[in-house]
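The values are calculated or read from the model by the stated rules, or taken from the named source; none is laboratory data. None of the values given here were measured: they were computed from a predicted structure. Neighbour counts are summed over all protein chains in view; Cβ atoms, including those assigned to glycine, are modelled from backbone coordinates with ideal geometry. Please note that ligands, DNA and RNA were not included when accessible areas were found on the heavy atoms of the full protein model with its side chains. Shrake-Rupley method; radii C 1.70, N 1.55, O 1.52, S 1.80 Å.
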Amino acid sequence: MKLSQFGAKFSSQSGIQVLMDDLGAALAGDSEILMLGGGNPAHIPAVERYFQERIQAIASSPLALRKLIGTYDPPQGDQAFIQALVEMLNRHYDWNLRPENVALTNGSQSAFFMLFNMFGGRDEEGGLRQILLPVTPEYIGYADAGIESRLFCANKPSIELFGDHTFKYHIDFASLQLNENIAAVCVSRPTNPSGNVITDLELEKLAARAREVDIPLIVDAAYGLPFPGLVYTAAKAHWDEGIILSLSLSKFGLPAARTGIVIAREDIVQALSRINAILNLATNSFGSMLALELAQRDELLTLAAQCIRPYYRAKAEKAQETLHQVLTGLPYHLHRVEGAMFLWLWLEGLPITSQQLYERLKEQGVLVVPGHYFFPGLDEAQKQAWPHCRECIRISYAQDDEKVRQGLMIIGREVRKLYQA
């Protein structure tokens, strides 16, 4: 059976699928695996308790249960949740949103597939319009989201080094080019994998550059502001009609509910809703019904600020302290943990590749994510010319603190062997 060009793109395994398969196999196996890979959020007791009570309340109400399992939502998503979300955001931000500015999707991953291919790809004249990632490394899930090959191009960052074995990526505006082939700019804030939070000034400058050439700036805030709020540095939530802001309920504690939220101009929301109708008929109701009262009471914001952010920040501090201890004396750099739930470790001059280190750690019962997957938009020649791509690994600290500590100790031991060999 011969596949189309589009079908052939998905007939071979992508990087994200390989990693998800490894994670699934580890979870299904009998051996004890220290899960420092993957993006699954932590199980926060207070958050899980709330959702347990909410599920019980829905199950005990015939009308609510019927809405949950027996009624299609419109392609734009659950109207009650959208209305509550708009009212909540307008109470706290000067955005002047209307319900027509919000669409729900079955997870933010599907939102990005729709957005990237709405703006990027072949135009009517056959030219390729690309999505620019202004600072790389970037989210692994973008890499295979384009129907058209070479949908992405990326800008290498400037790197600021600090004396305590830490560093930070910045947008290199001097080399950033928004030419006629760029259809949109996309940046995650905070960034998966590095936890980098581009500054408010960088965001404003990037938005201004996009406005000058009349293209959208897509801001992926799946870990960020306004919620779930995993930002540990000074930063503000920002939206205007030149920005497409993508939010998610996953890192709020509902990854299985697959609820993405897109805030954008009305015409963009209309287009997303139409694509939703074609791809999914309707969005699922589970996440929006569980989070409805949280939005109505502003608790999407207060729980994020008072419970979820402090929980992850405390875990981040413990993990950083342990990692610095186990790598003492080695040539390493840790990206400043400004947000998200990951440590991004740069092992300068690593004698083997990050993929080979990943395999060695897997044999020791520790799963991380090799860094070379996180550079979508750079071609192979660019990656080969930049050793940094092969010298980094992503480590999640979302799981149990003791298991994270054990995993970091094994990472330290294996890395020390490599440098001392």
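Here are a few things to note about the model shown:
- Single unsatisfied condition, Pro193 versus (1) under 27 Å from Tyr232 (Cα atoms); (2) open to solvent by 30 Å² or more (accessible area, probe 1.4 Å); (3) not charged (D, E, K, R): (2)
- Selection count, segment 50-101, where residues are assigned to a loop (DSSP other than H, G, I, E, B), open to solvent by less than 70 Å² (accessible area, probe 1.4 Å) and closer than 18 Å to Leu281 by Cβ: 6
- Lone unmet requirement of (1) in a loop (DSSP other than H, G, I, E, B); (2) within 13 Å of the chain's Cα centre (by Cα); (3) closer than 21 Å to Leu115 by Cβ for Asn196: (3)
- Every pair of residues 6+ apart whose Cβ atoms lie under 6 Å, when the first sits in segment 157-181 and is within 21 Å of Gly195 (Cα to Cα) while the second is open to solvent by less than 40 Å² (accessible area, probe 1.4 Å) and basic (Lys, Arg): Glu160/Lys168
- Subset of segment 281-302 that is of a type in the set (A, V, I, L, M, F, W, C) and in a loop (DSSP other than H, G, I, E, B) - its residue that is farthest from Ala222 (Cα to Cα): Leu281
- Of everything in segment 31-49 that is under 21 Å from Pro255 (Cα atoms) and charged (D, E, K, R), the residue that is least open to solvent (accessible area, probe 1.4 Å) is Glu48.
- Close pairs (6 angstrom Cβ cut-off, 6 or more residues apart or separate chains): of a type in the set (Lys, Arg) in segment 238-251, open to solvent by less than 10 Å² (accessible area, probe 1.4 Å) anywhere: Lys251/Pro41; Lys251/Pro228
- Only one of the listed residues (Ala305, Ala316) is under 30 Å from Tyr93 (Cα atoms), touching a Leu at 6+ places or on another chain (Cβ under 9 Å) and of a type in the set (Gly, Ala, Ser). That residue is Ala316.
- Count of residues meeting criterion [outside any loop (DSSP other than H, G, I, E, B) and open to solvent by 30 Å² or more (accessible area, probe 1.4 Å)] in segment 224-270: 5
- Check on Phe116, touching a residue at least 24 places away in the same chain (Cβ under 8 Å), part of a helix (DSSP H, G or I), open to solvent by less than 50 Å² (accessible area, probe 1.4 Å) and farther than 29 Å from Ala319 by Cβ: yes
- Within segment 149-171, the residues that satisfy the criterion of being under 22 Å from Asp220 (Cα atoms) and open to solvent by 50 Å² or more (accessible area, probe 1.4 Å) are Ser149, Arg150, Lys156, Ile159.
- Yes/no for Ile278 being buried (at least 23 other Cβ atoms within 10 Å of the Cβ) and either outside any loop (DSSP other than H, G, I, E, B) or of a type in the set (A, V, I, L, M) (or both): no
- Residue in segment 390-418 that is farthest from Arg313 (Cα to Cα), counting only those that are buried (at least 19 other Cβ atoms within 10 Å of the Cβ) and without any contact (Cβ under 8 Å) to a residue 60 or more places away in the chain: Arg390
- Verdict on Leu225 being closer than 17 Å to Trp95 by Cβ and modelled with pLDDT of 95 or more: yes
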